[in-house]
1. Provide the FRET efficiency to the nearest 0.05 for the residue 4-residue 86 pair, computing r from the beta carbons and using R0 = 30 Å.
2. Order these by the 10 Å Cβ neighbour count, fewest first: 110, 38.
3. Against the empirical 2.2 N^0.38 Å scaling, what ratio does the C-alpha Rg of the range 2-112 come to?
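All of the numbers you see were taken from the coordinates with simple rules; none came from a lab. Owing to the predicted nature of the structure, the values given are computational and were not obtained by experimental measurement. Counting neighbours? That spans all protein chains shown, and the Cβs are built from the backbone with ideal geometry, glycine included.
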């Protein structure tokens, strides 16, 4: 029973470290790749939390704990975190595409500007 707790603590610790790494990119100048690194490490953090909840769900299934409230809570939490990660991924993708299009249009505009020296 001790290894389940240590696995959960390790995954939560990894989530916390990923969050701190992502948070460290806030203080940098806001270049597009800093935004992407920050988003990637935030997604890692959410992923580690998902793994932690999944490990608890696996433990509940293997031990045969019959507690409907506990099973529903763990399953609901896992579903919520999955939806959060998917939503976050979609938002990051939209922001990345928007920045990319903005940079391309800005470069095209600079090349067409006759007064640009």
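1. Approximately 0.65, to the nearest 0.05.
2. Arranged by neighbour count, lowest to highest, 110, 38 become 110, 38.
3. 1.45
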